[in-house]
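Engineer: This structure is in structure tokens; I'll ask about it shortly.
The values are calculated or read from the model by the stated rules, or taken from the named source; none is laboratory data. Since the model is a prediction, treat every value here as computed from it, not as a measurement. Cβ: placed from backbone, ideal geometry, glycine included. Neighbour counts: every protein chain shown.
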Amino acid sequence: MGIKSNNLGKIYLFITSIFMLINLYLIFIWAPNEINLGISQRIFYIHIPLAWLGMISMILLGITSIIYLLTNNIKWDNIAKSTAEIGVLFLSLLLLTGIIWSKPTWGIWWTWDSKLTTTLILWFIYVGYLTLRAYGPQGSQGARYGAILALLGIIDTPLIYFATIWWRTQHPELNIGPAANVSNTIDISILQVLLFSLITFTALYIFLLIERYALTKLETTTKEMINV
Amino acid sequence: MFKFLFLSILLISVHLISTDIIFAEDHSQTHTSIETISEEKSANIQTDNGLIYVFIAFLITWIGFFFYLYYLSQKRKELASEIDSIKQRLTSKSIQL
């Protein structure tokens, strides 16, 4: 990365940090207390964006893997690898925040509920992908194996989203999104804070993805240089 | 340094969960009945417990992001030094030739 793009990255990170501070203000000061769940409901404002971006990561990983299989262009594999790593980060944090939130609301840390289990499976697919890329065959063969594994993740992603509709689950029903139950509308101020949080976390996600992609590209070039 | 910081934060968090910390009570309402106070007390305990979970969830999320950023910066440094050593080897080879 050149000096110019490095400075742009810093400016972008600075703006994202300001957004994060505003987000914290909105979550803790501006947003109202939910009547049933109380203060612990505020975990919702980080839990949902983490879930959203964890699943977006998997879809991105799947799409870039398919493109790689079709074109054999290393650029798509580099994007796939970067997406997988950030996906693991977001999904790990999603599982952790979910575990923490379930204790005050359900009275237990974990249950083998369909939504939770399918999310854990997705986490294992991500970790499996990264393990395969790190310790499996290198080069184009490793990239192909990884791409095939990533396609499994694409199958799991809709299962997570529709789990509350297709199976009886302890997890709350969908409140937002195309498959949301119309009768389960949430308060407008809660929705506003959630949308702001989604935008902020997406901005952070984009920053991390750009940084990771630049590094992956550099790693690939360095490996090629060493091999030459 | 980072490991020490992380471990101490983790230990504090575990301690907070294991010992049901109750935050300072509000003593301004001295004229309210005993029943109301006990109701408020139990409500406060519930809210404060919830607050601990919120605190831990946010803390873990932010530690996760900071650690990942730190990991990326370390990786960038490693790569930069590796590229430098490759460059040095290449220049020394070209001088020999």
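Engineer: Out of A:L13, A:L8, A:L61, report the one residue that is of a type in the set (A, V, I, L, M, F, W, C), free of Cβ contacts under 8 Å to residues at least 24 places away in the same chain and in a helix (DSSP H, G or I).
Structural biologist: Details: A:L13 fails: free of Cβ contacts under 8 Å to residues at least 24 places away in the same chain; A:L61 fails: free of Cβ contacts under 8 Å to residues at least 24 places away in the same chain.
Exactly one of A:L13, A:L8, A:L61 is of a type in the set (A, V, I, L, M, F, W, C), free of Cβ contacts under 8 Å to residues at least 24 places away in the same chain and in a helix (DSSP H, G or I), namely A:L8.
Engineer: Say whether the condition of being part of a helix (DSSP H, G or I), under 26 Å from A:D77 (Cβ atoms) and at pLDDT 80 or above is met by at least one residue in the stretch A:172-194.
Structural biologist: Checking the stretch A:172-194: not a single residue is part of a helix (DSSP H, G or I), under 26 Å from A:D77 (Cβ atoms) and at pLDDT 80 or above.
Engineer: So which of A:L130, A:L120 is within 21 Å of A:T164 (Cβ to Cβ), assigned to a helix (DSSP H, G or I) and hydrophobic (A, V, I, L, M, F, W, C)?
Structural biologist: Exactly one of A:L130, A:L120 is within 21 Å of A:T164 (Cβ to Cβ), assigned to a helix (DSSP H, G or I) and hydrophobic (A, V, I, L, M, F, W, C), namely A:L120.
Engineer: If you take the residues in the stretch A:78-121 that are within 14 Å of chain B (Cβ to nearest Cβ) and without any contact (Cβ under 8 Å) to a residue 24 or more places away in the chain, which one is surrounded by the fewest Cβ atoms within 10 Å (Cβ to Cβ)?
Structural biologist: Checked the stretch A:78-121; the qualifying residue surrounded by the fewest Cβ atoms within 10 Å (Cβ to Cβ) is A:G107.
Engineer: Quick one: what pairs do we get from the stretch B:78-96, first residue free of Cβ contacts under 8 Å to residues at least 12 places away in the same chain and under 28 Å from A:T216 (Cα atoms), second assigned to a helix (DSSP H, G or I) and of a type in the set (S, T, Y), C-beta under 8 Å, 6+ apart or different chains?
Structural biologist: B:L79/A:T222; B:E82/A:T222; B:I83/A:T222; B:I86/A:T222
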